[in-house]
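So the structure is just underneath, and the comments pick up after that.
The values are calculated or read from the model by the stated rules, or taken from the named source; none is laboratory data. All values derive from a computational prediction rather than experimental measurement. No Cβ is skipped: glycine too gets one built from the backbone with ideal geometry, and neighbour counts run over all protein chains shown. Surface areas here come from the heavy atoms of the whole protein model, side chains and all, with no ligands, DNA or RNA. Shrake-Rupley method; radii C 1.70, N 1.55, O 1.52, S 1.80 Å.
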Amino acid sequence: MKIRKIEPKDNAEVEKLIRDCLIEFGADKPGCAWEDPNLDKFYETYSSHFYQYLVVEKDGHVVGGCGIGPVDGYYDVCELQKMYCRKEIRGTGIAQQLLDLSIEFAKKHYTLIYLETFANMVAANKFYVKNGFVPLAAPITEGPHYACDRWYAKEIG
């Protein structure tokens with residue numbers, strides 16, 4: 001497996017990865033990434049200076065990914081976005097590598113990382129806490145992911 005920046009050829013596989021994971025966790029509904037209008041054009045979305053999307057490639061296919069992007073209304077806050085891995089690579093340590101690389105990128109531009117997720121993504125919630133993310137009582141912004149029921153933040157600056 002290798003981790004690399006997203007390329008134009010990855011768009012369809014990244015969208016499928018995210019949709020498959022959302023279905024797995026019952027998050028194929030309004031108010032979450034399921035309705036993101038940019039799911040089919042991540043390369044274009046994450047090509048600007050303050051964005052990054054990394055993919056995990058295995059045997060020529062995308063099997064994981066993780067993004068960093070700014071939070072509207074905050075100049076120094078970014079969001080950990082669309083971090084998903086296929087079942088076959090969970091527990092291999094690759095998610096830790098994805099997160100570490102994403103945090104390193106974020107430190108260049110931001111002082112706080114925010115994320116939104118679901119309570120039923122139990123392993124993910126434990127993973128975030130293990131990595132120093134602090135649970136929040138409510139979202140820090142009213143964004144399109146109103147269906148999420150868990151929010152975390154981590155100071156990095």
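Model label sites at TYR75 and GLU142, defined 7 Å from Cα along the beta-carbon direction, differ in position by 2.5 nm.
Atom-type composition of the exposed protein surface of region 64-157 places 54 percent of the accessible area on carbon and sulfur (1.4 angstrom probe).
For the peptides 47-56, 127-136, the ranking by packing is 47-56, 127-136, with the highest mean count of neighbouring Cβ atoms within 10 Å listed first. For region 15-156, the dipole from Cβ point charges (+1 on Lys and Arg, -1 on Asp and Glu) about the Cα centre works out to 460 debye, to the nearest 20. Site pair ASN38 and LYS5 shows an inter-label distance of 1.6 nm when each label is modelled 7 Å from Cα along Cα→Cβ.
Rolling a 1.4 angstrom probe over the protein heavy atoms with all chains in place gives region 1-153 an accessible area of 51 Å² per residue. Only helical runs count toward this figure. For the chain, summing -39,500 (n - 2.57) over DSSP H runs of n ≥ 4 and dividing by all residues gives -7500 deg cm²/dmol at 222 nm.
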